[in-house]
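K.L.:
Dumping the structure here so I can ask a few things about it.
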């Protein structure tokens with residue numbers, strides 16, 4: 001079973017986390033299943049960017065990015081080459097390291 005390492009995030013995972021995740025699970029599902037309350041405003045259908053994450057290790061082991069996800073990622077705060085929507089990124093057989101951005105598009109709209 002692959003290991004998903006979450007880099008420390010001040011609000012969502014202050015200590016960071018190391019999770020055992022079954023292959024075939026989305027990163028978003030894995031985080032939620034382990035008590036990491038990542039935003040997912042569209043209920044994990046890839047129609048927003050609130051679950052944006054950056055895959056620091058293991059990016060190539062994930063499923064391919066589809067056109068709809070690419071289009072949505074263009075709206076993500078802090079977009080990087082290894083950005084994915086965690087609801088669309090399916091864990092393969094390799095270990096992953098994931099960073100959760102400090103802000104989401106919802107933070108900006110709420111004026112935080």
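K.L.:
When you look at residue 23, is it surrounded by fewer than 19 Cβ atoms within 10 Å (Cβ to Cβ), touching a residue at least 24 places away in the same chain (Cβ under 8 Å), over 12 Å from the mean Cα position of the chain (by Cα) and more than 19 Å from residue 103 (Cα to Cα), yes or no?
P.N.:
yes
K.L.:
Just to be sure before I move on: is residue 90 modelled with pLDDT under 95 and under 19 Å from residue 47 (Cβ atoms) in the structure I sent?
P.N.:
The answer is no for residue 90.
K.L.:
Yes or no: residue 35 free of Cβ contacts under 8 Å to residues at least 12 places away in the same chain, at positive phi, surrounded by fewer than 13 Cβ atoms within 10 Å (Cβ to Cβ) and out of contact with any helix residue (DSSP H, G or I) (no Cβ under 6 Å at 6 or more places or on another chain)?
P.N.:
When the stated conditions are applied, residue 35 passes them.
K.L.:
Here is a follow-up. For the range 60-85, which positions are at positive phi and either touching a helix residue (DSSP H, G or I) at 6+ places or on another chain (Cβ under 7 Å) or in contact (Cβ under 8 Å) with a residue 40 or more places away in the chain (or both)?
P.N.:
Result: no residue meets the conditions.
The values are calculated or read from the model by the stated rules, or taken from the named source; none is laboratory data. These figures come from a predicted structure and were not determined experimentally. Cβ: placed from backbone, ideal geometry, glycine included. Neighbour counts: every protein chain shown.
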